[in-house]
Amino acid sequence: MMAESSLPDQPEWSCGPDRLGGGTMPLVMGILNVTPDSFHDGRSTFRDLEGMVALGDELRAAGADIIDVGGESTRPGASRVPPEEQRLRTSGVIAGIRERCTTPISIDTTHRSVAEAALDAGATIVNDVSAGTEDPALLDLVAERGAGLVLMHRLTDPLRDSYSDRYESDPEYGAPGVVPAVAEHLRQRLDAAVARGVGPEQIVLDPGLGFGKSVPQNLDLVRGLPDLRAALGRPLLIGASRKSFIGALLGGQAPSERLPGSLAVALVAAQLGAFVLRTHDVAPTRETLLVAAEIHRPGTTSGGTI
């Protein structure tokens with residue numbers, strides 16, 4: 001008999017007025033970069049507000065459960081963007097999307113002031129790649145507003161980071177390895193957020209694929225998703241879309257060529273219990289999940305077993 005595999009049932013995530021999840025498939029978070037310098041799809045040709053809001057419409061129509069708006073690239077080597085500029089880039093876009101639909105919106109930032117403006121404009125989730133270390137007051141804001149919160153692991157900030165396929169040796173995570181080290185860091189950041197009044201039910205954790213990890217370490221983290229879930233007791237977000245470790249596995253592909261590899265990681269992550277899949281490619285990701293869910297749906301087989 002063939003071994004069974006399925007998409008696990010998902011918990012619920014408290015994000016202000018929204019309760020997300022609870023189904024049998026991961027949530028799909030569509031990336032909307034209001035930046036000219038992201039590694040895959042910097043939107044330098046879409047600087048006008050209406051153009052960016054229209055891209056939000058496209059993500060919603062493609063099936064995004066969440067639209068993640070960011071005004072600062074976090075690719076390795078990216079220049080930092082002042083909070084004032086991030087607010088200018090993102091708040092109007094978020095307000096414009098909110099006027100057109102009820103799809104939950106997240107703000108990708110490490111600054112309280114940017115997050116506050118985004119929540120005022122209609123966002124209900126804060127996605128912080130620094131896990132509250134750059135601006136701890138951001139955690140207080142999330143507690144005050146009851147917003148959803150994503151806390152991510154990263155080894156260093158973007159200015160000192162490197163693409164995963166460019167390390168001469170693996171970044172150092174100690175003898176236990178990258179999975180236990182990432183789990184311990186996320187546990188500490190989870191505890192820090194809860195200590196500042198954020199409810200555990202508001203928090204999703206992200207192991208930070210590509211942020212200070214070599215190609216083998218990224219693979220270890222994907223394989224280790226069940227261990228991370230068990231150790232942390234919170235849902236996990238996986239952001240593998242178009243990243244360099246995928247290109248390295250496929251002979252050095254450019255970001256524009258990494259869709260099939262990204263879908264492979266998304267599917268494996270879903271089967272291993274990922275709660276949110278953050279992606280540039282909403283429709284292909286959702287279609288991949290739908291086909292997988294249909295294959296695993298009870299009562300649809302007619303071929304018997306061996």
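The values are calculated or read from the model by the stated rules, or taken from the named source; none is laboratory data. Owing to the predicted nature of the structure, the values given are computational and were not obtained by experimental measurement. Note that each Cβ is placed from the backbone with ideal geometry, even for glycine, and that neighbours are counted across all protein chains shown.
Surrounded by fewer than 22 Cβ atoms within 10 Å (Cβ to Cβ), more than 16 Å from Val178 (Cβ to Cβ) and more than 13 Å from the chain's Cα centre (by Cα): is that true of Gly252 in this structure?
yes
What about Pro171, is it in a loop (DSSP other than H, G, I, E, B) and surrounded by fewer than 24 Cβ atoms within 10 Å (Cβ to Cβ)?
Values: in a loop (DSSP other than H, G, I, E, B): yes; surrounded by fewer than 24 Cβ atoms within 10 Å (Cβ to Cβ): yes.
For Pro171, the condition - in a loop (DSSP other than H, G, I, E, B) and surrounded by fewer than 24 Cβ atoms within 10 Å (Cβ to Cβ) - is met.
In the range 238-264, what residues are closer than 22 Å to Met25 by Cα and of a type in the set (Ser, Thr, Tyr)? Can you show your working first?
First pass over the range 238-264, keeping only residues closer than 22 Å to Met25 by Cα: 238-242, 259-264.
Residues satisfying the conditions are Ser241, Ser262.
In the range 157-168, what residues are outside any loop (DSSP other than H, G, I, E, B), closer than 14 Å to Ser214 by Cα and charged (D, E, K, R)?
Quick first cut of the range 157-168, residues outside any loop (DSSP other than H, G, I, E, B) only: 158-160, 164-166.
Cutting the leftovers down to closer than 14 Å to Ser214 by Cα gives us 164-166.
The answer is Asp165, Arg166.
State all residues of the range 90-117 that are in contact (Cβ under 8 Å) with a residue 40 or more places away in the chain, in a helix (DSSP H, G or I) and either small (Gly, Ala, Ser) or buried (at least 19 other Cβ atoms within 10 Å of the Cβ) (or both); if no residue qualifies, say none.
Thr90, Gly92, Val93, Gly96, Ile97, Val114
Considering the range 66-78 alone, what residues qualify as being touching a residue at least 60 places away in the same chain (Cβ under 8 Å) and either charged (D, E, K, R) or assigned to a loop (DSSP other than H, G, I, E, B) (or both)?
Asp68, Ser73, Thr74, Arg75, Pro76, Gly77, Ala78
Going by the conditions given, is Asp140 touching a Lys or Arg at 6+ places or on another chain (Cβ under 8 Å) and either under 20 Å from Asn218 (Cα atoms) or surrounded by fewer than 20 Cβ atoms within 10 Å (Cβ to Cβ) (or both)?
Numbers: touching a Lys or Arg at 6+ places or on another chain (Cβ under 8 Å): yes; either under 20 Å from Asn218 (Cα atoms) or surrounded by fewer than 20 Cβ atoms within 10 Å (Cβ to Cβ) (or both): yes.
So Asp140 passes the test.
Select from the range 174-190 the residues that are touching a residue at least 12 places away in the same chain (Cβ under 8 Å) and either loosely packed, with under 15 Cβ neighbours inside 10 Å or in a loop (DSSP other than H, G, I, E, B) (or both) and list them in ascending order.
Hit for the range 174-190 is Gly177, nothing else.
Does the range 201-209 contain any residue that is modelled with pLDDT of 95 or more and at positive phi?
Here is the first cut: in the range 201-209, the residues modelled with pLDDT of 95 or more are 201-209.
Retained after the next criterion (residues that are at positive phi): 208.
Scanning the range 201-209, I find at least one residue that is modelled with pLDDT of 95 or more and at positive phi, so the answer is yes.
Could you please give the count of residues in the range 118-156 that are in contact with a helix residue (DSSP H, G or I) (Cβ under 9 Å, 6 or more places away or on another chain), closer than 24 Å to Ile97 by Cβ and part of a helix (DSSP H, G or I)?
The number of residues fulfilling the criteria is 8.
Of Asp191, Asp220, Asp161, Asp227, which residue is modelled with pLDDT of 95 or more and closer than 30 Å to Arg112 by Cβ? If you could, list the steps in order and put the result at the bottom.
Numbers: Asp220 fails: closer than 30 Å to Arg112 by Cβ; Asp161 fails: modelled with pLDDT of 95 or more; Asp227 fails: closer than 30 Å to Arg112 by Cβ.
Within the list Asp191, Asp220, Asp161, Asp227, the selection yields Asp191.
Could you tell me which residue of the range 61-89 is surrounded by the most Cβ atoms within 10 Å (Cβ to Cβ), considering only residues that are within 17 Å of Ala118 (Cα to Cα) and among the basic types (Lys, Arg)?
So, considering only residues that are within 17 Å of Ala118 (Cα to Cα) and among the basic types (Lys, Arg), the one surrounded by the most Cβ atoms within 10 Å (Cβ to Cβ) is Arg89.
Being of a type in the set (Lys, Arg) and closer than 24 Å to Ile66 by Cβ is true for just one of Arg154, Arg166. Which residue is that?
Arg154
Condition check ((1) assigned to a loop (DSSP other than H, G, I, E, B); (2) touching a residue at least 40 places away in the same chain (Cβ under 8 Å); (3) of a type in the set (Phe, Trp, Tyr)) across all residues:
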| residue | (1), (2), (3) |
| --- | --- |
| Arg234 | yes, yes, no |
| Ala248 | no, yes, no |
| Ser256 | no, yes, no |
| Gly261 | no, no, no |
| Ala264 | no, no, no |
| Arg286 | no, yes, no |
| Ala293 | no, yes, no |
